[in-house]
1. Could you please find all residues in the range 201-242 being over 23 Å from residue 262 (Cβ atoms), out of contact with any Phe, Trp or Tyr (no Cβ under 8 Å at 6 or more places or on another chain) and either part of a loop (DSSP other than H, G, I, E, B) or charged (D, E, K, R) (or both)?
2. Which condition does residue 169 not pass, out of (1) open to solvent by 40 Å² or more (accessible area, probe 1.4 Å); (2) within 11 Å of the chain's Cα centre (by Cα), if it passes all the others?
3. Take the residues in the range 347-372 that are more than 29 Å from the chain's Cα centre (by Cα) and of a type in the set (A, V, I, L, M); name whichever of them is surrounded by the fewest Cβ atoms within 10 Å (Cβ to Cβ).
4. For the range 272-299, which positions are among the charged types (D, E, K, R) and open to solvent by 70 Å² or more (accessible area, probe 1.4 Å)?
5. How many residues are part of a loop (DSSP other than H, G, I, E, B) and either of a type outside the set (S, T, N, Q) or open to solvent by less than 60 Å² (accessible area, probe 1.4 Å) (or both) when one looks only at the range 40-53?
6. Of everything in the range 61-84, what is free of Cβ contacts under 8 Å to residues at least 24 places away in the same chain and assigned to a strand (DSSP E or B)? Give them in sequence order.
7. List the helices (runs of 4 or more DSSP H) inside the range 104-184, counting only whole elements, that have at least 2 residues being closer than 27 Å to residue 222 by Cα.
Amino acid sequence: TLEGLQFAAPPQLHGIDVVLVNASAAVNWFDVTVNASDISPLTYDYWIADTDGIWSYVFDSNTSESIRIAVPSTRDVALEVVVTNAHLSSTTCNDSCPLLEVESSGFSSQVILQEASQLLDDSEQVVAAFISGIDSASSVNDMQDLFEVFVEMIQNNVTTASHSILILHEFQQAGVSSGLLNAIELVGERLSDATEHMLELYLGTVDDYGSSASSGANALNNIADLDAYLSSVCVTLEAGSLPNSEVSTFEEDTYSLSCSSTETVVNIRTDRASLTTSVERLSTATVSHWNTTINSTDDTSLLSSVYGFHIDSDEEVEEAEDVADATPVAIAVTEYTESARKAVSCKYFDETNSVWSDRGVVLTGLSLDDSGVLHVICSSSHFTLFGVGDDSEAAKVLETKFSSFA
């Protein structure tokens, strides 16, 4: 036992009273009173959560047991309260958290949208107003106009990181596609101030977008842009952390993302890919694995999934001019055959021409791991999307021609 060590009991939460005090077209206001007790001073975190458990955000944190909160008038939300004492021991309402239910207001969708648009400048009402506006937008033009206001607010740094992520998610779920990639980039640049829960929501939103973008027109170009933004996410997440080469990995349905920061050696190894090289300055390395089938604009056949490799630093990384100076990457072949072993090639996606290319990428070796998976080792002078090409048909043509000369 440790002498003198004492454990502080959490505060007691006796109940939460909520009263609807104002109901406008777009926003409902509730007065909240928390009945909690402890021998030390208390702080209160007031969270607003959706009823599906997908998102929640802090409306306010303070030392008052009473607060007035703003919620959307178009859907039910839950109020979650966390009470913390001076010893940082906390308790929450859990299953007894009150549900703030919507009552029929009689307002038309157009009226709700008009009022929501007028409330976006109020920081306390901005999330509620956007949600009500999104829920009530009855045309593509109305939704796009509201979305453009949101993008402008991000550019002007008006909304917080958590609010921006939540609103971005709601627009994506509502089917907004025009300009969404730009908004994903803008929000991704502010993740350093986001909570862990909101970071998960952002990565999930990117996942949903990636799923739809991978099957549409210009799919590979969209994924290439998205992959570059994910490398920026890694830079943001690694900022301020020790550059100790530890790898943080995030798994989504459409992609997985591995991030690491170092001042010496980059060594990211996943089940299906690896990036190993040396750096001369503080750098952030990113390896992404796209788990979805991506439409291609050319007839290139890939034997692997699509991977993204990036190294970012404060100074621009110059492209290697010699193969010996290039960076080696290893990619697992998912469709391994004897003929494939004889005719694999390293490919990168050329965004300018929207084709798979082998310029600046050289096949330097093959290896089999303990489970029998073939890894293709490539050296590259640049970073982008990569894959393993199947040149077996071309090899057959050459073999036929050589046989004809025999």
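1. Within the range 201-242, 208, 215, 216, 217, 218, 225 qualify.
2. (1) is the only condition that residue 169 fails.
3. Start the filter on the range 347-372 by keeping residues that are more than 29 Å from the chain's Cα centre (by Cα), which leaves 358-360, 362-372.
So of that shortlist, the ones also of a type in the set (A, V, I, L, M) come out as 362-363, 366, 368.
Working: 362: 15, 363: 16, 366: 13, 368: 11.
Top of the filtered list is 368.
4. Start the filter on the range 272-299 by keeping residues that are among the charged types (D, E, K, R), which leaves 272, 280-281, 298-299.
The answer is 272, 280, 281, 299.
5. Pass one, the range 40-53, residues part of a loop (DSSP other than H, G, I, E, B): 40-42, 51-53.
Checking which are either of a type outside the set (S, T, N, Q) or open to solvent by less than 60 Å² (accessible area, probe 1.4 Å) (or both) leaves us with 40-42, 52-53.
Counting residues in the range 40-53 that are part of a loop (DSSP other than H, G, I, E, B) and either of a type outside the set (S, T, N, Q) or open to solvent by less than 60 Å² (accessible area, probe 1.4 Å) (or both) gives 5.
6. Restricting attention to the range 61-84, the residues satisfying the condition of being free of Cβ contacts under 8 Å to residues at least 24 places away in the same chain are 61-64.
Hits for the range 61-84 are 61, 62.
7. On the way: elements: 109-118, 126-136, 140-155, 161-173.
In the range 104-184, 126-136, 140-155, 161-173 are the helices (runs of 4 or more DSSP H) which contain 2 or more residues that are closer than 27 Å to residue 222 by Cα.
Rundown of residues vs (1) buried (at least 17 other Cβ atoms within 10 Å of the Cβ); (2) more than 30 Å from residue 199 (Cβ to Cβ); (3) out of contact with any Ser or Thr (no Cβ under 6 Å at 6 or more places or on another chain), yes/no style:
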site	(1), (2), (3)
28	yes, no, no
38	yes, yes, yes
55	yes, no, yes
76	no, no, no
89	no, no, yes
96	no, no, yes
112	yes, yes, no
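The values are calculated or read from the model by the stated rules, or taken from the named source; none is laboratory data. What you see is a predicted model; the values in this text were computed from it and never measured. As a convention, Cβ positions derive from the backbone with ideal geometry for all residues, glycine included, and neighbour counts pool all protein chains shown. Protein only, heavy atoms only, side chains kept; ligands, DNA and RNA dropped before computing areas. Shrake-Rupley method; radii C 1.70, N 1.55, O 1.52, S 1.80 Å.
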